[in-house]
Amino acid sequence: MGLYDKLKDVAKIAQKADNIDLYRQLIDLSSQALDLQDEINKLKEENEALKKNKDLDEKIIRHSQPYITLSDDKKDIKYCAICWGNEQKLIQMKGPMDANSKYYCQKCHNNCRED
Ligand SMILES: [Zn+2]
């Protein structure tokens, strides 16, 4: 049984006991407990995202030009190092644009050559 259902059951019992003060305090506690549950869920999500980013961060290969590649990526796709630094998001760079192996990030307009 989840927290919400349990609280509802206890609130029913308190209501039957006809003790308004007890009932009020229970409602107050319920609301605090549900807020805590929300907070826990939010923290779990944040923790999951941080773990995922940490795993990813360990795979990142940095280059002298502002792009990154992933150590386990056989295709060697180039991602924008600026976007990764700012938002920890992998934004694939467009390219090569010409014979000089120029790559371009459509999000932040980072422009670079292959190392
Ligand atoms: Zn970018």
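Among the residues of segment 57-68, those identified as within 16 Å of the ligand (Cβ to nearest atom) and surrounded by fewer than 18 Cβ atoms within 10 Å (Cβ to Cβ) are I60, R62, H63, Q65. In segment 71-84, what residues are near the ligand (Cβ under 9 Å from one of its atoms) and of a type in the set (S, T, Y)? If the condition is that a residue be near the ligand (Cβ under 9 Å from one of its atoms) and of a type in the set (S, T, Y), then Y79 is the only one that fits. If the condition is being in contact (Cβ under 8 Å) with a residue 24 or more places away in the chain and either more than 8 Å from the ligand (Cβ to nearest atom) or in contact with a Leu (Cβ under 6 Å, 6 or more places away or on another chain) (or both), then segment 85-115 contributes Q88, L90, Y103, C112, R113, E114, D115.
Coordinate-derived values only; no laboratory data. The structure displayed is predicted, hence computed values, not measured ones. No Cβ is skipped: glycine too gets one built from the backbone with ideal geometry, and neighbour counts run over all protein chains shown.
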